[in-house]
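The values are calculated or read from the model by the stated rules, or taken from the named source; none is laboratory data. Source: prediction; values computed, not measured. Positions of Cβ are backbone-derived with ideal geometry, glycine not excepted, and every protein chain shown enters the neighbour counts.
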Amino acid sequence: MGRVWSAMSFSAPVAEDGHERSVTVLYATETGTAQEVADRIAAQCRRIHVRARVHDLETYPPENLISEDVVIFSIATTGSGREPRAMTPLWNLLLRSDLPQDLFEDLSFAVFGLGDSAYEKFCWPAKLLSRRLVSLSATEVCARGEGDDQHHLGIDGAFEPWLRKLSEALLEFYPLPPGLEVQTADSLPLPRVSILDADASTPAPCRTPLDDDPQHYTATVSCNRRITAEDWYQDVRHFELDFDEDVRYEPGDIAVVHPEAHPADVDAFLVSAGFDKAADDPITLVHTLQDQSLPLFLPTTTTLRTLFTKHLDISAVPRRSFFALLRHFVSDELEGEKLDEFLSEEGADELYEYCQRPRRMIREVLEEFRSARIPREYVFDLFPPLRPRHFSIASSVKRHPRQVHLCVAMVQYKTMLRIPRRGLCTDYMSRLQPGDKLPIGLIKGLFSLPEDGATPIICVGPGTGVAPMRSIIEDRTYDGSCDNTLYFGCRCELKDQHYAAEWRAYAESGSLTYRTAFSQDVPEGTPRRYVQDVMHEDLRRIWRLLGVDGGWLFISGSANKMPAAVRQAICDAARQEGAKTEEEANEFLAQLEREGRLIEECWS
């Protein structure tokens, strides 16, 4: 990535049998929470003098698992129960039918899952992983933990008790050598970096690690156009990004956008944090704790202003661990007492009311705890990384060579604080003008198309879930494939029917069957109509396409009730039109997934 780091090595004591007291921590994440959990696991391991090697499953070779002794997994849940993309190679390897049943008899492991109990398949990837490892003779040293976003403490409600149990289990596995004691959790930890003043005469590097990443390109914005009605409450934009070079991507692939914080927000934060006078002084970063991660594409020489603009997130809602570390840097007695209340068991509800319920941001918290003076070495420990956002590509490179199109809803909302909120990334994108440069990453998505263009496909993509469907349909129609069906849903036909003219043109040419549901365009007193309701009107046709003609089904959109309702419509088609029992209908649905003919990409 272009970093030139020096490192302070952590030497773990050796156990009585001569083995190093060490564990491997593997995480799979989409939004970064599982990575933060992995860092906290590693920090706890350091307190009990166990060395932790932390790896992202995206870069960890899955075949290396066979040579590990102790592995701790931090696994997020995506959409309606799928594993994160980073976990898929390992999961596919573990599912192989030719693996010996005693493959992992020498492996000890623990799993912490992250999920949301509002969804049916709560922490599903973590549950499946732990069961599969046990079936291959691995030993689970600590019962699986399941963090729940619905808990009033968020995932910390389950994670902190689980972390204590994990520490006890590891101390049984690796008893403390004589002369060592467990470090208390409330002591100030070492910072993960050292920050040195750089020579002021040294020019800032003209290139960053992001510029040298082979998966990233520099695009020029040529279009940033609102596609919802001007008087509609939601602002959805169509972006067109041009490239000077040939780019390659497939339908369903993902564009990675690295956002920047609003300059005014950064200015105000630097003042409240006391960093404003030195914000533009050049500094050099030295990674001192290798078991703690740093943001990707971080330059070695930079400034505090650049860090809080491009690499550290001052707009995130802080977790309980943020307040625990902040307590060390607060000098005012009343502010300290307030933080102590937040961190006590009795103050959990008060912390929720103060922070989670109103979605109070880190920079707003620091404006209230004015005595906090954060040493610059601790900025990477206190502030979460400003993570890139992923957007489904809404174009086919065949129809739009050297271009990528995106369909993005601008995130805007209000909380009980009555302060208008804007999503950090979409606010950044909304300000892009034609001619602006934008670094874009391109990564493989979940979708793949049937090799035979004559194979029928059904696309279900309400709202901005239509983005990958546009890439699929553009690609298919370019190649002359005409057996395409799109189920699209929105609230109002005339307000937020994205790309309506394109769909009607395809339908008039005979290359698309376009079926719509406009939930608010119904007579008063009539139930609202969604894509799953339209599909129930088409059960005979759906069964012919999927059950008789071997068609494929693609689902994209919000992971609320829609994906499950669409799946139920497929089962109903199998029962009513395919004369299958309920059990056989469920098996048909499972068969579609096994054969790769049902692909779902949904988000919460």
Test set (1) touching a helix residue (DSSP H, G or I) at 6+ places or on another chain (Cβ under 8 Å); (2) closer than 30 Å to Cys355 by Cβ; (3) charged (D, E, K, R) - Lys127 fails condition number: (1)
Of the numbered conditions (1) without any contact (Cβ under 8 Å) to a residue 60 or more places away in the chain; (2) part of a loop (DSSP other than H, G, I, E, B), Glu245 satisfies every one except a single condition; which is it? (1)
Taking into account only those residues within the range 409-443 that are part of a loop (DSSP other than H, G, I, E, B) and in contact with a Leu (Cβ under 9 Å, 6 or more places away or on another chain), which is farthest from Asp244 (Cα to Cα)? Val411
How many residues, within the range 442-458, are more than 23 Å from Arg225 (Cβ to Cβ) and either surrounded by 18 or more Cβ atoms within 10 Å (Cβ to Cβ) or among the acidic types (Asp, Glu) (or both)? 9
Are any residues in the range 148-178 of a type in the set (Asp, Glu) and in contact with a Leu (Cβ under 9 Å, 6 or more places away or on another chain), and if so, which ones? Asp148, Asp149, Glu160
Could you say which residue among Ile393, Ile440, Ile419 is under 28 Å from Glu593 (Cβ atoms) and either assigned by TED's automatic domain parsing to the domain that holds Arg515 or of a type in the set (Val, Ile, Thr) (or both)? Ile393
Of the residues in the range 197-212, how many are modelled with pLDDT of 70 or more and either of a type in the set (Val, Ile, Thr) or surrounded by 11 or more Cβ atoms within 10 Å (Cβ to Cβ) (or both)? 6
Picked from the range 372-413 (must be basic (Lys, Arg) and touching a strand residue (DSSP E or B) at 6+ places or on another chain (Cβ under 6 Å)), the residue nearest to Asp332 (Cα to Cα) is Arg376
For Trp543, work out the one condition from (1) modelled with pLDDT under 95; (2) surrounded by 18 or more Cβ atoms within 10 Å (Cβ to Cβ); (3) farther than 30 Å from Gln150 by Cβ it doesn't fulfil. (1)
Residue list for the range 344-366, filter: of a type in the set (D, E, K, R), under 29 Å from Leu289 (Cβ atoms) and assigned to a helix (DSSP H, G or I): Arg363, Glu364
Residue pairs, Cβ under 9 Å, 6 or more apart or interchain, first in the range 81-99 and in a loop (DSSP other than H, G, I, E, B), second among the polar types (S, T, N, Q). List them. Glu83/Thr77; Pro84/Thr29; Pro84/Thr77; Pro84/Thr78
Specify which of the listed residues (Leu133, Leu103) is out of contact with any strand residue (DSSP E or B) (no Cβ under 8 Å at 6 or more places or on another chain), under 25 Å from Ser22 (Cα atoms) and not charged (D, E, K, R). Leu103
Could you check the range 86-129 and list, in sequence order, the residues that are within 22 Å of Cys45 (Cβ to Cβ) and among the small types (Gly, Ala, Ser)? Ala86, Ser108, Ala110, Gly113, Ala126
Out of the range 316-341, which residues are modelled with pLDDT under 95, of a type in the set (Ser, Thr, Tyr) and not in a helix (DSSP H, G or I)? none
Leading residue by the ranking (surrounded by the most Cβ atoms within 10 Å (Cβ to Cβ)) among those in the range 463-499 that are in contact with a Pro (Cβ under 6 Å, 6 or more places away or on another chain) and assigned to a helix (DSSP H, G or I): Ser471
Among residues of the range 159-180, those that are free of Cβ contacts under 8 Å to residues at least 40 places away in the same chain and of a type in the set (Gly, Ala, Ser), counted: 1
Only residues that are out of contact with any Phe, Trp or Tyr (no Cβ under 7 Å at 6 or more places or on another chain) and within 20 Å of Glu250 (Cβ to Cβ): list them for the range 483-501, please. Asp483, Asn484, Tyr499
Just need a number here: residues in the range 55-77 that are buried (at least 16 other Cβ atoms within 10 Å of the Cβ), more than 27 Å from Ser117 (Cα to Cα) and of a type in the set (A, V, I, L, M, F, W, C). 2
I need the full set of residues from the range 506-540 which are surrounded by 18 or more Cβ atoms within 10 Å (Cβ to Cβ) and in a helix (DSSP H, G or I), in order please. Tyr506, Val531, Gln532, Met535, Leu539
Scope the range 439-461; condition under 21 Å from the mean Cα position of the chain (by Cα) and of a type outside the set (Gly, Ala, Ser); matching residues: Pro439, Ile440, Leu442, Ile443, Lys444, Leu446, Phe447
Failed criterion for Ser117 (all others in (1) over 23 Å from Phe342 (Cα atoms); (2) crowded, with 19+ Cβ neighbours inside 10 Å; (3) touching a strand residue (DSSP E or B) at 6+ places or on another chain (Cβ under 9 Å) hold): (2)
Quick check on the range 537-556. Is at least one of its residues under 30 Å from Ala76 (Cβ atoms) and without any contact (Cβ under 8 Å) to a residue 60 or more places away in the chain? no
Counting only residues that are at pLDDT 95 or above and part of a loop (DSSP other than H, G, I, E, B), which one in the range 120-163 is surrounded by the most Cβ atoms within 10 Å (Cβ to Cβ)? Ala138
Residues satisfying the stated conditions in the range 294-315, i.e. of a type in the set (Phe, Trp, Tyr) and assigned to a loop (DSSP other than H, G, I, E, B): Phe297
